[in-house]
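The block underneath contains the structure these notes are about, expressed in structure tokens.
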Amino acid sequence: MTSRLSFQSLSVRGFRNISELTLEPAERLNVLAGDNGQGKTSLLEAVYFLATSRSFRAERMGELVQQGQSAAVVRAQVVEQGVPREQRAAITGGRRSLKLDDKAPKNLASYATRTPVVVFHPGDLALGSGPASVRRTLLSRVALYFEPTALSHQGRYTRAARERQRLLDERGTEARELEVFEILMAESGALLAATHRRAAERLAQAVLPAFRRMAAPDLQLEVRYQPGGAEDREVFQRELFTRRLRDKSARRPSFGPQRDDLELSLDGRSARRHASQGQLRVLTLALKLAELTCVREARGAHPVLLLDDVSSELDPERTGAVYRFVREAASQVFVTTTRPELFTTPELEPDERRDFRLVRGALERTVSPS
Ligand SMILES: Nc1ncnc2c1ncn2[C@@H]1O[C@H](COP(=O)(O)OP(=O)(O)OP(=O)(O)O)[C@@H](O)[C@H]1O
Ligand SMILES: [Mg+2]
């Protein structure tokens with residue numbers, strides 16, 4: 001059974017350009033309208049931050065705190081299968097603090113998977129043609145839901161890699177302690193590689209039907225995990241050993257899951273290099289729908305959907321496909337748009353939809369177009 005999950009209330013303080021706002025969303029669809037630069041993406045980002053403890057666009061957590069303020073705080077009441085809970089995520093003095101029902105969560109993974117969300121924002125259009133990091137984010141998100149331990153492998157791996165790099169830098173390639181950190185990297189890196197491969201397999205399975213629904217019927221998509229490291233610890237450790245000199249001068253490791261990628265090909269050719277604009281858009285959408293399917297299956301709940309400004313990035317036909325999809329999904333949905341009048345939902349009951357308008361970070365309720 002798939003549980004129903006929704007935000008009942010949300011409050012945001014000191015987050016980007018939002019000084020203070022509270023929101024009581026509708027069960028199904030929430031339309032956040034507003035002109036450019038008024039805080040639409042910021043509000044979605046606040047929801048995403050509350051749910052995952054991260055941002056989908058910031059490089060550093062500090063960016064999220066409103067200029068001139070000392071803290072950003074997001075709170076919400078979430079109801080899952082009729083059971084309410086409180087969540088709170090804050091950034092104070094550059095540090096994150098997370099609470100579930102007023103208690104510190106067991107670990108980061110348990111917090112970050114508690115309220116599943118899937119976001120679709122303009123940066124996702126780089127999934128097909130952009131750098132590997134965009135696809136790696138997708139891979140880690142899917143991995144996190146299926147295997148929450150991935151997050152601790154990731155933490156251990158990153159810390160060990162940082163220490164090895166510091167040693168290479170300060171003491172050169174012969175430092176005796178290098179071996180300790182290379183063993184640690186090999187252990188956690190190999191586990192992480194296996195987790196990423198399994199996540200890629202799940203994604204590949206989910207993406208094909210979504211792609212087939214939207215793309216030309218004879219276009220063949222293939223999705224494959226392209227490991228940057230190895231699943232075999234000994235191989236991993238040996239590679240690190242032989243690459244010490246290279247990694248020292250490059251100032252970063254040249255082997256390991258931080259170089260993972262998802263290889264996407266259309267009719268046997270690399271999508272990144274050969275796909276057309278339209279094909280890339282379809283591919284992105286299919287990958288996002290696949291993420292949604294994976295998260296739903298792994299978590300056993302309908303993820304909350306956050307759609308940032310889809311209609312400005314997609315052509316009308318694709319936008320229509322997304323909106324149709326939104327209407328059919330059993331998820332609670334938040335969409336942002338500069339043109340709410342284009343977003344009509346005659347099939348929804350009046351109480352299933354709420355419309356809001358953002359003006360300079362403040363929110364007002366507006367009347368929904370029928
Ligand atoms: N830390 C911050 N403190 C204060 N203001 C910020 C901060 N970060 C971003 N802003 C400002 O917040 C405003 C809202 O940005 P946001 O991206 O949410 O706009 P938007 O409504 O999504 O606009 P668009 O339609 O152009 O996408 C911008 O003017 C931005 O410069
Ligand atoms: Mg925006």
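The values are calculated or read from the model by the stated rules, or taken from the named source; none is laboratory data. All values derive from a computational prediction rather than experimental measurement. Because the Cβ atoms are built from the backbone with ideal geometry, glycine has one as well, and the counts that use them run over all protein chains shown. The accessibility values were calculated without ligands, DNA or RNA, using every heavy atom of the protein model including side chains. Shrake-Rupley method; radii C 1.70, N 1.55, O 1.52, S 1.80 Å.
Rolling a 1.4 Å probe over the protein heavy atoms of segment 1-97, with every protein chain left in place, gives an accessible area that is 39 percent carbon and sulfur.
Exposed loop sites, defined as GluC sites (Glu not before Pro) outside DSSP H, G, I, E and B with at most 13 other Cβ atoms within 10 Å, are absent from the longest region of the chain, namely 178-346. Distant-in-sequence amide contacts of V117, defined by a placed amide H-H separation under 5 Å and a gap of 5 or more residues or a different chain, comprise V304. For a label point 7 angstrom out from the Cα of S312 toward its Cβ, which stretches of segment 19-62 have the backbone nitrogen within less than 18 Å? Flagged as within label range: 31-46, 56-58. Taking 1.567 mPa s as the viscosity and 4 °C as the temperature, the Stokes-Einstein diffusion coefficient of segment 235-370 based on its alpha-carbon Kirkwood radius rounds to 68 µm²/s. Calculated on C-alpha atoms, the gyration radius of segment 179-242 divided by its Kirkwood radius gives an Rg/Rh of 1.22. Which of the three applies to segment 66-149, rounded, prolate or oblate, going by the alpha-carbon gyration tensor with a ≥ b ≥ c and a/c under 1.5 meaning rounded? Oblate, because a/c is 1.5 or more while a/b does not exceed b/c. Quick one: pull the percentage of alpha-carbon pairs in segment 84-220 with a separation above 21 Å. Result for the distance tail: 61 percent. Compared with the direct C-alpha span, the chain from R324 to R259 gains 19.8 nm at full extension, assuming 0.36 nm per residue. Derived scalar couplings between HN and Hα for segment 69-74 equal 9, 9, 8, 10, 9, 10 Hz in order, rounded to whole Hz, by the Karplus curve 6.51 cos²θ - 1.76 cosθ + 1.60 (θ = phi - 60°), x for Gly and Pro. Between 0 and 90 degrees, the angle of helix 233-242 with respect to the longest Cα principal axis of the chain falls at about 70 degrees. Looking at S311, L262, A301, which one has the Cα that reaches farthest to the positive end of the dipole of segment 253-313 (charges on Cβ: Lys, Arg +1; Asp, Glu -1)? Of S311, L262, A301, it is L262.
Remark: relative contact order (segment 220-281) = 46 percent; criterion is Cα-Cα distance under 8 angstrom and separation of 6 or more residues. Centroid-to-centroid, using Cα positions, segment 248-270 and segment 85-150 are 22 Å apart.
Modelled label positions at R95 and S9, each set 7 Å beyond Cα in the direction of Cβ, lie 2.9 nm from each other. Expressed as a fraction of 2.2 N^0.38 Å, the C-alpha radius of gyration for segment 238-310 is 1.64.
Across all directions, the average projected area of the convex hull around the alpha carbons of segment 1-90 is 6.4 nm². Entry comment: accessible area of the chain is 48 Å² per residue, from protein heavy atoms only and a probe of 1.4 Å. Of the trypsin sites (Lys or Arg not before Pro) found in segment 174-230, those that fall in a DSSP loop while having at most 12 other beta-carbon atoms within 10 Å are R176.
Stretching the chain fully between E20 and A250 yields a gain of 78.3 nm (0.36 nm per residue, less the alpha carbon separation).
For the chain, the mean residue ellipticity at 222 nm estimated from helices alone is -13500 deg cm²/dmol, where every DSSP H run of n ≥ 4 contributes -39500 (n - 2.57) and the total is divided by all residues, rounded to the nearest 500. Based on Cα atoms of the chain, Rg over Rh with Rh as the Kirkwood radius reads 0.99.
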